[in-house]
1. Using +1 at the Cβ of each Lys and Arg and -1 at the Cβ of each Asp and Glu in the chain, identify which of Asn276, Asn291, Cys173 lies farthest towards the dipole's positive end.
2. Have a look at Ala68, Gly57, Gly81 and report the one farthest towards the positive end of the charge dipole of the stretch 36-128, computed about the Cα centre with Cβ charges (Lys/Arg +1, Asp/Glu -1).
3. Which of the listed residues, Thr9, Leu198, Asn226, is farthest toward the dipole's positive end in the chain, when Lys, Arg count +1 and Asp, Glu count -1 at the beta-carbon?
4. Contact order normalised by length for the chain, with contacts defined as Cα pairs under 8 Å and 6 or more residues apart; what percent is it?
5. With a ≥ b ≥ c the root eigenvalues of the C-alpha gyration tensor of the chain, is it rounded (a/c under 1.5), prolate (a/b larger than b/c) or oblate?
6. If you stretched the chain out fully between Arg149 and Gln129, how much longer would it get, using 0.36 nm times the residue separation minus the C-alpha to C-alpha distance?
7. In Å, what Rg and Dmax follow from the Cα atoms of the stretch 188-271?
8. Summarise the long-distance tail of P(r) for the stretch 130-219 by giving the % of C-alpha pairs beyond 22 Å.
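Taken together, the values in this text are just the output of simple stated rules run on the coordinates, not laboratory data. It should be emphasised that the depicted structure is a prediction, and the values quoted were computed from it without experimental measurement. Methodologically, a virtual Cβ is constructed for each residue, glycine included, from the backbone with ideal geometry; neighbour enumeration extends over all protein chains shown.
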Amino acid sequence: MDLTMLLGTRKGLISYRNNHAGWTVENLSFEGQPVSIAYADPRTGTWWAGLDHGHWGVKLHRSMDRGAHWEEIPAPAYPQGEEIKEGIPATTRYIWAIAHGGDTHRSRLWLGTDPGGLFRSHDGGASFQLVESLWNHPSRKTGWLGGGRDQPGIHSIVVDPRNEDHIHIGISCAGIFETSDGGNHWEIRNNGLRAEFLPDPETGVGHDPHILVAAPSDPDTLWQQNHCGIFRSGDGARSWQEVSQKEGPARFGFAIAVAGDDPDQAWVAPARSDGNRIAINGGLCICRTDNGGKTWKELRKGLPQQNCFDIVYRHALATSGDALAFGTTTGNLFFSANRGESWETINNYLPMIYSLQFTN
């Protein structure tokens with residue numbers, strides 16, 4: 001096994017490397033600074049870090065040499081005069097998602113932000129432009145809501161490897177949007193979802209997907225861990241079916257991951273409930289389905305089962321082959337070499353973990 005885990009944390013970017021001798025820290029960058037998302041572009045090996053400085057605002061950095069040196073890039077900015085709603089200026093408050101544009105568009109990069117703007121780069125990330133077709137969608141000002149953050153945010157960008165102009169995005173709170181022409185036009189894809197927190201649970205817009213992912217082996221199979229349950233689509237998001245457990249832990253949560261070789265195998269990281277976001281009954285578990293959500297298995301071997309309060313943020317669960325890893329809100333990092341059947345602890349003393357990605 002020769003893998004790297006790239007972590008975005010409350011106190012910096014951390015990379016762990018496993019080269020058959022166990023996991024060791026390879027790099028620590030932006031020590032003490034919140035890294036909202038850490039991302040490695042698999043096409044180029046470029047590392048990206050979105051920083052949330054609070055008082056100093058949002059920053060964006062990239063490294064061409066695995067974190068040895070970093071270059072600050074102008075953070076994506078909304079055009080002058082743009083408003084979230086009437087009288088509320090639009091400014092970049094958070095970088096929540098980064099995705100590459102595919103092998104056909106080698107210089108394309110996508111970036112999702114709070115307050116709900118999708119940005120696109122045509123020059124490898126040197127500059128970003130707001131995708132105005134989505135920002136000006138008629139549903140935005142009246143139908144998009146704040147979820148865990150005050151304003152809507154784009155946290156998921158799923159590029160179809162068969163056609164890299166075909167993209168799904170996840171917005172909290174709005175739902176799933178799809179483009180087939182590189183972002184010129186958008187369709188709402190919320191059929192079958194529920195928004196139990198709204199007066200009309202079957203509303204067209206206003207849903208809260210916590211994370212959206214596609215199966216690498218079948219991009220028409222998409223999964224989302226939603227505020228109101230776990231949902232799966234087998235038709236490219238045109239319709240959704242709930243696959244939560246009626247009795248059992250696999251219901252509420254934030255993170256989801258799908259096996260690279262099986263569109264019906266997926267993992268979630270459950271929390272007790274919306275109103276009580278802690279580990280269920282004091283024990284940490286990951287749940288896996290091997291049959292498209294018909295049944296779920298609790299995976300606990302090696303994970304703490306007493307006095308545990310951890311949950312897992314939406315970007316902090318990842319898989320690569322048989323490897324699976326997740327980081328928690330209290331800075332615990334766990335790894336499995338056998339798809340979650342058993343776990344080892346990598347570290348118990350990290351900062352709050354916002355994102356985790358496997359890379360080479």
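1. Ranked along the dipole, the leading option is Asn276.
2. Result: Ala68.
3. Positive-most Cα among the choices belongs to Thr9.
4. Details: 1015 pairs, mean separation 39.8, N = 360.
Result for the chain is 11 percent.
5. Values: a/c = 1.45, a/b = 1.11, b/c = 1.30.
Rounded is the answer for the chain, as its axis ratio a/c remains below 1.5.
6. Details: separation 20, 0.36 × 20 = 7.20 nm, distance 2.30 nm.
Roughly 4.9 nm would be gained on extension.
7. Spelled out, the Cα radius of gyration and Dmax of the stretch 188-271 are 12.2, 40 Å.
8. Details: 943 of 4005 pairs.
Tail fraction, whole percent: 24.
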